[in-house]
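The values are calculated or read from the model by the stated rules, or taken from the named source; none is laboratory data. The model shown is predicted, which means the values in this text are computed figures rather than measured ones. Every residue, glycine among them, receives a Cβ derived from its backbone with ideal geometry; neighbour counts consider all protein chains shown. Surface areas here come from the heavy atoms of the whole protein model, side chains and all, with no ligands, DNA or RNA. Shrake-Rupley method; radii C 1.70, N 1.55, O 1.52, S 1.80 Å.
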Amino acid sequence: MSDEDSGDLAGIGKIAQAIPEAGWQKAIDTACDTFADLIAPITKTTAGLGGLIQAKFDAMADVQKVFASDAVERARRKTQTCSLVRNSRPSARVLISAIEEASVESDDDLRDIWSNLIANELTKGNIHPEFPQILSRLSAADAVVLSEIAERNQDKSLRDIAVAFSASVKVLGVSAGVLLPDDTDAHHEHLERLALVARRDGKWGLTRFGEEFVLAVTDPAIVTG
């Protein structure tokens, strides 16, 4: 997600400098070992994809490797707690984009949302290839507005999932209810440009594309029950 507080490379570099060299090197080594173990199942079942992901990882700055490994590890844990068993090949485009975005996200909560996207691609698959880019273009306030619109959805099952999505985004420093209607106009317009919401009969609602996006960025264990 784009946000003034989200981690760009300069900000991540400051974090790295604050950690003793020996401790940081250990973290990097652990991240490299962990990442290799995590993508091993993908490498075994999908010719070429695991190697491509590993090559992207190897080309990252050391500090990015720590965050990328963390996001993938979280995603793997989430896949183990849901009942879905995928029958199709995961998308290289989606996985690589999401892992790369997670690697420059120093905010723990935002990185967890990226891990949801990764986990959903590893389980149910069929994640739209535009979703990583869309997620990277949302601010915390955008996400809160989207979650509030999602909670008003007429589909009860999706509404219940939206509550879980709301719980994720409302830890980002922007609480629900603090944005007055006039203050959210720009956020609604931005979400509309991204094709996530539309105004019908004077009320904002999720588009079908928006519904799929909310499902994609919510913990798969919650989505599948």
Once you have the Cα-Cα distance between Arg208 and Asp185, take 0.36 nm times their residue separation minus that, and quote the gain in nm to one decimal. 6.2 nm
Heavy-atom accessible surface of segment 104-175: percent carbon and sulfur, 1.4 Å: 45 percent
Any aspartates and glutamates whose Cα falls less than 12 Å from that of Lys26, other than same-chain ones fewer than 8 residues away, would be Asp62
Rounded to the nearest 0.05, what FRET efficiency is calculated for Ala164 and Asp33 with R0 set to 30 Å and r the Cβ-Cβ distance? 0.40
Can you give me the solvent accessible area of Asp185 with a 1.4 Å probe, rounded to the nearest 10 Å²? 80 Å²
On the full set of protein chains, 1.4 Å probe, figure out the accessible area of Lys26 and give it in Å² to the nearest 10. 140 Å²
